[in-house]
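Notes to accompany the following structure.
The values are calculated or read from the model by the stated rules, or taken from the named source; none is laboratory data. Remember, it's a predicted structure, so these values are computed and weren't measured experimentally. Glycine also receives a Cβ, built like all others from the backbone with ideal geometry; neighbour counts cover every protein chain displayed. Quick note on the areas: whole protein, heavy atoms, side chains included, nothing else; ligands and nucleic acids left out. Shrake-Rupley method; radii C 1.70, N 1.55, O 1.52, S 1.80 Å.
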Amino acid sequence: MKKLKVALIQYDTIMPDIEQNTTMAIKLIREANRNGADLVLFPECFLTAYAAPDICEKLLPVQEIENHPEFIKWCENALTENEEHFIQIVNLAAELNIGVVITGFSKGRRYPQNTAWIIDRNGKVILKYSKVHTCDFDWERYLESGDSFPVCQFDEITMGCMICYDREYPESARELMLNGAELIMHPNRWGVKGCQ
């Protein structure tokens, strides 16, 4: 029988302060490790915070805001796997021999994506998933959607991801099941009480 002890982080990063959010993530990963967790699951957009520039709140067509300085800065600040704060998380996973599902806005082709990365015990990214079903009725309309539901192997368990609103579409879980997922990580952000 396969066993996996997962630590579910219920902490809401409100401010898009990646330094502060990374410091908190490190503290929480260390705590989960002390408590015997095999894997740590963070809420949606933990490192970057689930926040967009004020200009996005107007819900204007993207062509009308894509040259606005706030929007440009938001796009430029999206994460990559080579960014120093992301590397700190990867290195800590390897140091502690623990898996981590870390989240944030990542760089897409043109606009940010809402992304979850599964990092294995060796500090290797074994899955990168970007939210397929973004909320087009809200400022998430400015995010690039992902286009697939990949799976990976962690401790001999096949797992995949969906993020928040993906759960409203049965096809998300069906695609993961067809790809062999035995366990679905589901980062979510609904405030402190609703994280995960």
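Beta bridges from DSSP with both residues in the chain: antiparallel share about 65 percent, rounded to the nearest 5.
Accessible area per residue for the chain, computed on protein heavy atoms with a 1.4 Å probe, is 50 Å². Here the Gaussian network model covers the chain, with springs between Cα atoms less than 10 Å apart; of GLU140, GLU95, GLU44, GLU95 fluctuates the most. Among the protein heavy atoms, those of LYS27 account for about 120 Å² of accessible surface (1.4 Å probe, every chain in place). The calculated Kirkwood hydrodynamic radius for the stretch 85-137 is 11.8 Å, given to one decimal from all distinct C-alpha pairs. Per-residue Karplus couplings for the stretch 5-12, computed as 6.51 cos²θ - 1.76 cosθ + 1.60 with θ equal to phi - 60°, are listed in order as 9, 10, 8, 9, 7, 10, 9, 9 Hz, Gly and Pro entered as x. Using a 1.4 Å probe on the protein heavy atoms, what percent of the accessible area of the stretch 1-132 belongs to carbon and sulfur? Roughly 49 percent of what the probe reaches on the stretch 1-132 is carbon or sulfur.
So what is the 222 nm mean residue ellipticity for the chain from helices alone, if each DSSP H run of at least 4 adds -39500 (n - 2.57) and you divide by all residues, rounding to the nearest 500 deg cm²/dmol?
-7500 deg cm²/dmol
Under the simplified labelling scheme, the ASP138-ALA94 pair shows an inter-label distance of 3.6 nm, with each label point 7 Å from Cα along Cα→Cβ. Under 11 Å from a label point set 7 Å out along the Cα-to-Cβ vector of GLN10, no amide N atom of the stretch 100-116 is found.
Of the chymotrypsin sites (Phe, Trp or Tyr not before Pro) found in the stretch 5-102, those that fall in a DSSP loop while having at most 16 other beta-carbon atoms within 10 Å are TYR11. Per residue, the average separation of C-alpha pairs within less than 8 Å and at least 6 apart gives the stretch 69-196 a relative contact order of 16 percent.
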